[in-house]
Amino acid sequence: MSPASLISPVLFAAMLFASGPVQAGGETELRHTGWRECLSRNFRIQAALTDPDLAADSAFRACRSAEDAYLAALAGSPLLDGDDVARARPMLAGRVRAWLISSRG
């Protein structure tokens with residue numbers, strides 16, 4: 001059994017949520033920072049024009065490639081695989097969406 005299959009999606013999500021901003025360093029940290037900056041910038045622009053929920057949706061659409069790059073970097077970890085990341089993606093997106101709306105990006 002591979003180490004990646006030992007990590008449940010819930011445990012993976014908990015690790016992501018507990019860590020707050022990624023502290024692993026290197027490419028993953030850069031990708032995470034880039035994704036959050038993209039979301040924040042796009043959310044602020046759209047929030048000036050529409051309601052927060054629609055602004056968050058728009059920001060997620062605009063930053064899909066940055067999100068994909070971040071999740072690909074996470075999947076490159078020896079403890080995770082693509083399935084772990086795919087299962088945790090909705091929880092991570094929900095957390096970031098709540099951050100956008102509550103802090104106004």
**Request:** With a probe of 1.4 Å, find how much accessible area the stretch 22-105 has per residue, and write the answer as a whole number in Å².
**Result:** 54 Å²
**Stretch gain in nm, segment R87-I101, where the contour uses 0.36 nm per residue and the Cα spacing is subtracted** = 2.7 nm
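The values are calculated or read from the model by the stated rules, or taken from the named source; none is laboratory data. Here the structure is a predicted model, which is why all the values come from computation and not from measurement. When the accessible area is computed, the model is the full protein with side chains, heavy atoms only, and any ligands, DNA or RNA have been set aside. Shrake-Rupley method; radii C 1.70, N 1.55, O 1.52, S 1.80 Å.
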